[in-house]
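This report concerns only the one structure given below.
Every number here is computed from the coordinates shown, using simple stated rules; none is lab data. Keep in mind that this is a model prediction, so the values were computed, not measured. Neighbour counts are summed over all protein chains in view; Cβ atoms, including those assigned to glycine, are modelled from backbone coordinates with ideal geometry.
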Amino acid sequence: MEQVFDGLLLGAGVALQPTNLLYCFLGVLLGTLVGVLPGIGPVPTIALLLPVTYGLPPSTALITAAGIYYGAQYGGSTTSILCNLPGEASSLITCIDGHGMARKGEAGAALAIAAVGSFVAGTAATVAIAFVGPPLAKVASAFSAADYFSLILLGLIGSVVLARGSVVKAIAMIVLGALFGMVGADPTSVQERLTFGIPALQDGIGFVPIAMGLFGIAEIMVNIERATGRTMLGATIGRLWPSREHWRRSWRAILRGSGIGTVLGVLPGGGAVLASFAAYLAEKRVSRTPERFGTGAVEGVAAPESANNAAAQSSFIPLLTLGIPANPVMALMLAILLIQNIVPGPALVTTRPDVFWGVIASMWVGNLMLLVLNLPLIGLWVRLLGVPYRYLFPAILVFCCIGAYSTGGNVSEIWIMLAFAAFGYALLKLKFEPAPMLLGYVLAPLMEEHFRRALGLSHGDFSVFVTSPISAVFLALCAALIAALAWPAWRRRRETAFRE
Amino acid sequence: MIAPRLLGLALTASVWAGTAAAEKFPSRPIQLIVPFTAGNVVDINARAFAEVFRSEIGGTVVVVNRDGAAGMIAMGAVANAAPDGHTLFFGPNGQLTLQPHLRKSLPYKVEQIAPICLTFESPFAIAVRPDSPHKTFADLVEAGRKNPGKVSYGLSGIGSVPHLLFHMVAVRAKTEFNAVAYKNYSLLAPDILEGRIDFGVMAFGSFQSPPMKLLAVLREKRHPRYKDVPTSTELGFPAESGAFGGLYAPAATPKPILAQLEAACERTFKAASVQKMLDDTGAGTEYEGSAGFARRLAADSANKAEAVRLLDLKVQ
């Protein structure tokens, strides 16, 4: 314990050096900007700056790159809330209630709650990394392929809860999304599936084109059709700051989201995405008024936004304590360290305490900067909603096209995005909800990958899913969730049967 | 609206550069197309290479990431680009030596590409956990022979270069292992260390040693980074042609420009910063010019054809 405080003190000394403060600020500022722009994420940004880091001291280099990464998590919520445009999978879930709040004229409140939630989550995750980093890393390495499969299955079943209307329609959407997720190269081999020989589909359908088409552009089409007002939402901008009621509803959600995010963020491969979904689903389950979700419930913004920020930070744990990069961003961090002749791993805390503790301390400093940076920006963002839509919509469309193009440098991505925009418009007209479909699209390929790996490792023995204790617990939860979903319908049928 | 203004400036600048130096190469920015996402080991080396290459060639050099479809999209883009030396491919060998044996149709023809210089290698190692019962590579082979198909190993994908490479070793060792695909190396390391899988065939840069213990490097000569780890060739199981690569151009590029690129490449390769990055990522190799590079590719292609046939990978 004393060591941790000594370490944090040392880290604060590193993080508060004027150059490090400056680079931290530049990092979070740049991160916020790339987070706001759809389709341009932290990975290409950090890669572009990689040559710049050669000349920097290692702690400064890592502090800057880390700032870009969690700064992007702050920025990502902005377009989700204002324009229903999820820039990456981890801010997808924020669209549902975040944009719902914007439609009610509470965009400012949603942005403020997201920023404060992210700050609280960032603080919680910083503390977690400092005090329980190594044990949390153990949790991550304890997860086998079978455990991942069951966790994702739980998420997929849970996403039925997302649907506001018909459960049958929601299931249909999840399955359809899963099929879209299967397009492209088989995850374990060279075989292609559902590509119809089209080269652009060989790698599957990218998240950015499908999400921006289904959510953002389809939303624009519906808005144009309504054309009730001159501006985007046809509503008044409303208050800029959250009300007492908003805070009362969201503080618990922020804390729960931070906890879920910190734990799930440690899991390699999709931790932040799973964390934001899990936090939202948990919030809806514990809520006494779950029917408010989907129409602009503030908890539906607070929980996932806290969770994705906490997860972004706790994904550093496997890298710093085990030397295992959990996602492409962490692979870049590993590269930055290797260039500087630093090998991350269990020994890092003793060999380079300045780097280890400096980065941890800088995360808190960076989160504080982001809060100070983002709160005044809210007024500016919200004023954007007042821009007449004949200017705003073309601008959004252009940004979407740039975003879709820049993910792979292929024009075909733009065509895919437009196809999904048309499809998304049809879905909205037919009262099918796009959110469960996108969930199926994101989760099903992950689930398949782990399922096949689990069976590969067990030489085809299915019992592995129940003999692994972690997996067994998740499967039991799946069964309980299905029972809870089916119970009201079953009871109703019994009641009507009795009446007859 | 800053972006359109910047774009306008850039356009004016490139038009001006185009007219002023129509005779000279390079007359506009050179694109170095990398078939991976940013941050990949090859991408990192491409960026270090580009930093020096731009002063050696005397022009702007931009790294462009076109990942996907096992690098075939990127190779297709270079093959079909204007053959004027301004669009180059920086990547490994698989697109030329493996994909043609796996697939009926490619977005390019192998003859459309001219190799310029070989600058990097991606060696693979056999990695186990420190307390693994398999102390040596011979132990693994023995275990594989006793229980054919029961000893499992993780690798990046069925039909990938490390799969073919290691399968050839296994065939020569007259044994059979259970191959399990890991799309993401970050999940393979915990599985090996926690004992959920027996060993991994992993690319340099994707593991740390320690904690991972290396039993062999799939290579002819010992790797300078792991001098005490035996090579597969030493152990009696030669693993020819792993992953190597460098710079390529469209085959129709004028000879003088190809020569200019090759000369600049050789000077860039020798630069201290490029060498350091190659060392740091374990990708260092001996330089080969266009002729040597072409010979290596031809030999590798024959080798891969044989491996694909042995593995009976279905061509689609």
For this session: Could you work out, residue by residue across A:144-154, how many beta carbons of other chains sit within 10 Å of that residue's beta carbon, and then give the average as an integer?
Result: 1
For this session: May I ask for the angle, rounded to the nearest 10°, between helix B:41-57 and the longest principal axis of chain B, with both axes built from Cα atoms and the value confined to 0 to 90°?
Result: 30
For this session: Please state the charge dipole magnitude for chain B, taken about the Cα centre, from unit charges on C-beta atoms (+1 on K and R, -1 on D and E), reported in debye and rounded to the nearest 20.
Result: 340
For this session: Please report, largest first and rounded to whole Å, the three semi-axes of the ellipsoid equivalent to the protein assembly as shown, where each semi-axis is the square root of five times an eigenvalue of the C-alpha gyration tensor.
Result: 42, 32, 28
Exercise. So which helices of chain A fit the span-like rule, where a helix is a whole DSSP H run, its Cα atoms reach 24 Å or more along the axis, and its mean Kyte-Doolittle is at least 1.0?
Worked result: A:18-36, A:107-142, A:353-384, A:389-408, A:412-429
Exercise. Listing A:M212, A:M447, A:M221 from the residue with the fewest other Cβ atoms within 10 Å to the one with the most, what is the order?
Worked result: A:M221, A:M447, A:M212
Exercise. Which of B:Q208, B:V161, B:A179 sits farthest toward the positive end of the charge dipole of the stretch B:124-226, with +1 on the Cβ of Lys and Arg and -1 on the Cβ of Asp and Glu?
Worked result: B:V161
Exercise. Give me the log10 of I(q) over I(0) for chain B at q = 0.12, 0.14 Å⁻¹, as the Debye formula computes it from C-alpha points; what are the numbers?
Worked result: -0.82, -1.07
Exercise. Give or take rounding to whole Å, what are the principal axis extents of the alpha carbon atoms in the stretch B:124-226, in descending order?
Worked result: 31, 29, 28
Seminar exercise, completed: Ordered by fewest other Cβ atoms within 10 Å, a rough proxy for footprinting exposure, A:E88, B:E142, B:E262 read B:E142, B:E262, A:E88
Seminar exercise, completed: Per residue of A:198-210, other chain Cβ atoms within 10 Å number on average 2
Seminar exercise, completed: Going through B:K135/B:K213; B:K183/B:K213; B:K135/B:K304; B:K183/B:K304; B:K146/B:K174; B:K135/B:K227 one by one, the pairs whose alpha carbons sit over 19 Å apart turn out to be B:K183/B:K213; B:K135/B:K304; B:K183/B:K304
Problem set entry | Helix-only CD estimate at 222 nm, as mean residue ellipticity for chain A, using -39500 (n - 2.57) per DSSP H run (n ≥ 4) | -24500 deg cm²/dmol
Seminar exercise, completed: Ranked from fewest to most other Cβ atoms within 10 Å of their own Cβ, B:S105, A:S91, B:S206, B:S152 fall in the order B:S105, B:S152, B:S206, A:S91
Seminar exercise, completed: Sorted on mean Cβ neighbours within 10 Å (highest first), peptides A:341-348, A:297-304 come out as A:297-304, A:341-348
Exercise. After finding the eigenvalues of the alpha carbon gyration tensor for the stretch A:288-437, what semi-axes result from the square roots of 5 times each, listed largest first in whole Å?
Worked result: 38, 22, 18
